[in-house]
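Undergrad: There's a structure below that I have some questions on.
Computed from the coordinates by the stated procedures, all read-outs in this text should not be read as laboratory data. Computed from a prediction, not measured in an experiment: that's the story for all the values here. Cβ placement follows ideal geometry from the backbone for every residue including glycine, while neighbour counts extend to all protein chains displayed.
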Protein chains: 2
Amino acid sequence: MTTRFLAICDGKFGPISSKTANGAIRFTPERVAAVLDTQCQAKTVQDVLGYGGDIPVVHSFGDGVAAGANALLVGIAPSGGQLPKAWRGWIREAIQSGMEIWSGLHFFIGDDPEFAELAARHGVTIRDLRRPPADLMVSTGRVRELASTVILTVGSDCNMGKMTSQLELRAILKRRGRKVAFAGTGQTGILIEGWGIAVDAVIADFIGGAAERLTMDAAQGGDIVLVEGQGSIIHPGYSGVTFGLIHGSLPHAFVLCHQPSRKTIDGNPWVPLPPLKDLVQMHEAVARPLRPAPVLAICLNTFDLPESAARDAIKAAEDETGLPAADPVRFGAENVADAIERFHATRPR
Amino acid sequence: MTTRFLAICDGKFGPISSKTANGAIRFTPERVAAVLDTQCQAKTVQDVLGYGGDIPVVHSFGDGVAAGANALLVGIAPSGGQLPKAWRGWIREAIQSGMEIWSGLHFFIGDDPEFAELAARHGVTIRDLRRPPADLMVSTGRVRELASTVILTVGSDCNMGKMTSQLELRAILKRRGRKVAFAGTGQTGILIEGWGIAVDAVIADFIGGAAERLTMDAAQGGDIVLVEGQGSIIHPGYSGVTFGLIHGSLPHAFVLCHQPSRKTIDGNPWVPLPPLKDLVQMHEAVARPLRPAPVLAICLNTFDLPESAARDAIKAAEDETGLPAADPVRFGAENVADAIERFHATRPR
């Protein structure tokens, strides 16, 4: 039976705030039966996100089931990763209806005594996408033995397209006949791909080790490995995860992601985002002591700009950095894929 | 009843490899009854470490108890933090003898079914020093509200004196009448101080939050807060922890620790240690986007150098960086304390 989600996003369904649901809607729309948001006046997800077609937005659990849902997806990934208390009723109702529960929260639904007991009683599987493997190690630089070219997305902040850019780039490189693999490092990437490790949910000493293992595993399936980035090297909350990922996956090169309309770190207005040119230099500097890695290109998320302003922002990013720039979702990213292919063909080995 | 440890270090007792035991011996020798290492030929810890006096090295559990031990301390903190299988017998024996168990491993002894059951039966407390609090948050820059001056030790690698330097500096500043606090961020610091959070053992998203909370708590007790550093910004396994600590505690200034005889990252000979001058610049660069922080001084660990070479290394570090340098353990660190006091008095507020 195909999994068809009712994605719970109550009061949060929007282009930024319902990250997990949005990833599922963009990359696996056939698995999303409906979005539940009692506050949302829109009829379809297309009206809210600008993609997703006629997947309905519903106002009750029953309407979601009527729309064909046979599983519940927690559609948000809030800072701290806790389950909103008001949502417990829907989780309970889903388990009692025999629906699988999928969640990318730090709070593990399967470890909650009430839900665990209920799920056991109803024979329901709870998939906590962020639950780490039990046998992680400290990273040791093993990825240096790989023949594959490793590309990591990095960003000026969270939630501006590090996963989406890699998935769009994978699609382009696949169309071109490249053997390319994607390593999902967050709950949404894992949801879409069916495998991966949420590196932000592992014990801190093992961030690098998790990134190393993911990169090694992904390289089995690709001459080019696209690793999903996390956080930002200047994020006050998440920089540790970002650095563990950089020094564990040891990319040969970076793609830098940015949202031109964002001027400070989301939720931390005291941290201004440096100019792109500085961000390029900063990433190259922190990689250098372990394995030098250039920034190859810039991927912008211009969803909140008018088209002409978006095209101007791309041009400005190219002028500022001397690198190819694109909005992969809005205008495609053939030029970024070109840069990756060129680098893959010519990098020192 | 005073806790008196039998520190288990079997096959590992030495200046570098028995980090947890060594911290206890250096800073709380009155709590260490004996060290157990069946491979060690020395009679006293002084013979092995150059400090610790006549605390005996014993070859059996019984000899440790005879020396006055009433608690067992796991004396090592190996990479990955697992319990050597061969040591399980000693843990079992200790619990059966009613001895408390203290451990700083990632492996939680209290979560092991056999040990948990045995401890419950014998009414024995198991203290897993690395077990994180359950209610950690993502960091948000709250430490910027503190009036205290925050100083973080950083290092070119692990295990070269980041905790020891802070504890020596605290002693000097206390003698000078300063209100100074220490924030322990690792198992040994927590063992010595009786409080703290092992930031390398928390969920990756909460490293910064743990550092923030520790710094806030320590500031209750000090105008100057000395935060114990962890890892290194160029460590392939641990850089994530280091960055989380930097961006969560947001120090006003750094003290950079280094071991002159070490040329590459321990266990990772493919990562050369950059010159001190570059390390100074790199730390200042990664702090700058959140809160600018200068490196104030260099603390060297010269334990493995002859005295004249040690003094030359200190002089060379000063010449290279233009900063005061010291080996706090071997020759004292009044000049480093001077630099901290000067900075505390004059930093922009």
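Undergrad: For region A:159-170, take each phi angle, set θ = phi - 60°, evaluate the Karplus expression 6.51 cos²θ - 1.76 cosθ + 1.60, and give the result in whole Hz per residue in order, putting x for glycine and proline.
TA: Couplings: 6, 9, x, 5, 6, 4, 4, 5, 5, 5, 5, 4 Hz.
Undergrad: Mind checking the full-extension length gain between A:Q220 and A:W195? Use 0.36 nm per residue of separation minus the Cα-Cα distance, one decimal, nm.
TA: My answer for the length gained is 7.6 nm.
Undergrad: Can you give me the distance in nm between label points at A:R92 and A:F331, each placed 7 Å from the Cα along the Cα-to-Cβ direction?
TA: 5.2
Undergrad: Which distances in nm, rounded to one decimal and ordered from shortest, link the label point of B:A285 to the equivalent label points in the other identical copies, with labels set 7 Å from Cα toward Cβ?
TA: 0.4
Undergrad: Can you work out the Karplus-derived ³J(HN,Hα) for every residue in region B:283-298? Use 6.51 cos²θ - 1.76 cosθ + 1.60 with θ = phi - 60°, whole Hz, and x for glycine or proline.
TA: 5, 5, 5, 6, 7, 3, x, 9, 7, x, 8, x, 7, 8, 6, 10
Undergrad: Can you list the copy-to-copy distances for A:G89, using a point 7 angstrom from Cα toward Cβ, in nanometres, shortest first?
TA: Those separations, rounded to one decimal, come out as 6.0 nm.
Undergrad: Can you tell me which aspartates and glutamates have their Cα less than 16 Å from the Cα of B:K315? Leave out same-chain residues fewer than eight positions away.
TA: Candidates past the 8-residue exclusion: B:E307, B:D327, B:E334.
Undergrad: While we're here: Just to be sure I understand: with springs between alpha-carbon atoms less than 10 Å apart, which residue in B:R170, B:R121, B:R92 has the highest mean-square fluctuation in the Gaussian network model of chain B?
TA: Looking only at B:R170, B:R121, B:R92, the biggest GNM fluctuation is shown by B:R121.
Undergrad: Taking amide H atoms as placed 1.01 Å from N in the peptide plane, list the residues 5 or more away in sequence, or in a different chain, whose amide H sits under 5 Å from that of B:S17.
TA: Under 5 Å from the amide H of B:S17: no residue qualifies.
Undergrad: Amide H of A:L36 versus every other amide H placed in the peptide plane: which residues, excluding those fewer than 5 positions away on the same chain, fall under 5 Å?
TA: Sorted by chain and number, the residues that satisfy this are A:A7, A:I8, A:C9, A:V58.
Undergrad: OK, next. In debye, nearest 20: dipole of region A:5-128 around its Cα centre with unit charges on the Cβ of K, R (+) and D, E (-)?
TA: 180
Undergrad: Once the cut-off is 24 Å, how many percent of the Cα-Cα pairs in region A:5-128 end up in the long-distance tail?
TA: When all Cα pairs of region A:5-128 are counted, 20 percent exceed 24 Å.
Undergrad: Which value in Å is the Kirkwood Rh of chain A over different Cα pairs?
TA: 20.6
Undergrad: State the percent of C-alpha pairs, over all pairs in region B:242-349, separated by a distance greater than 19 angstrom.
TA: 49
Undergrad: Label position 7 Å from Cα toward Cβ: report the copy-to-copy distances for B:A66 in nm, one decimal, ordered from shortest.
TA: B:A66 label point versus its equivalents elsewhere: 8.2 nm.
Undergrad: To two decimal places, what compactness ratio does region B:142-346 give when its Cα radius of gyration is scaled by 2.2 N^0.38 Å?
TA: 0.93
Undergrad: Which value in nm describes the separation of the simple spin-label points at B:S261 and B:Q41, placed 7 Å from the Cα toward the beta carbon?
TA: 1.9
Undergrad: Taking a threshold of 26 Å on the Cα-Cα distance, which of the pairs A:K277/B:K277; B:K85/B:K263; A:K12/A:K85; B:K179/B:K277 fall above it?
TA: Table pairs above 26 Å Cα-Cα are B:K85/B:K263; B:K179/B:K277.
Undergrad: Under the rule of -39500 (n - 2.57) per DSSP H run of 4 or more residues, summed and divided by the residues of chain B, what mean residue ellipticity at 222 nm is obtained, to the nearest 500 deg cm²/dmol?
TA: -10500 deg cm²/dmol, from helical runs alone.
Undergrad: Please list, or write none, the lysines whose alpha carbon is within less than 19 Å of the alpha carbon of A:K174, excluding same-chain residues fewer than 8 places away.
TA: Correct list for A:K174: A:K162.
Undergrad: Can I ask one more? Using 7 Å Cα-to-Cβ label points, what is the A:R342/B:R175 separation (nm, one decimal)?
TA: Those two pseudo-labels are separated by 6.2 nm.
Undergrad: About its Cα centre, what dipole magnitude does region A:168-308 give when the only charges are +1 on Lys and Arg Cβ and -1 on Asp and Glu Cβ, stated in debye to the nearest 20?
TA: Its charge dipole is roughly 460 debye.
Undergrad: For a quick check: with amide H placed at 1.01 Å from N, whose amide H comes under 5 Å from A:L72's, ignoring anything fewer than 5 positions away on the same chain?
TA: Those qualifying (amide H under 5 Å, at least 5 residues apart or on another chain) are A:L6, A:E100, A:I101, A:W102.
Undergrad: Loop only by DSSP, 16 or fewer other Cβ within 10 Å of the Cβ. Give me the chymotrypsin sites (Phe, Trp or Tyr not before Pro) in region A:263-349 that pass, ordered by residue number.
TA: Sites meeting the loop and neighbour criteria: A:F331.
Undergrad: Under the Kirkwood approximation for Rh and a Cα-based Rg, what ratio Rg/Rh is obtained for the protein assembly as shown?
TA: Result for the protein assembly as shown is an Rg/Rh of 0.99.
Undergrad: Here's a follow-up. Could you point to the residue in A:V32, A:P275, A:G237 farthest towards the positive end of chain A's charge dipole, with +1 and -1 charges on the Cβ of Lys/Arg and Asp/Glu respectively?
TA: Sorting the options by dipole projection puts first A:P275.
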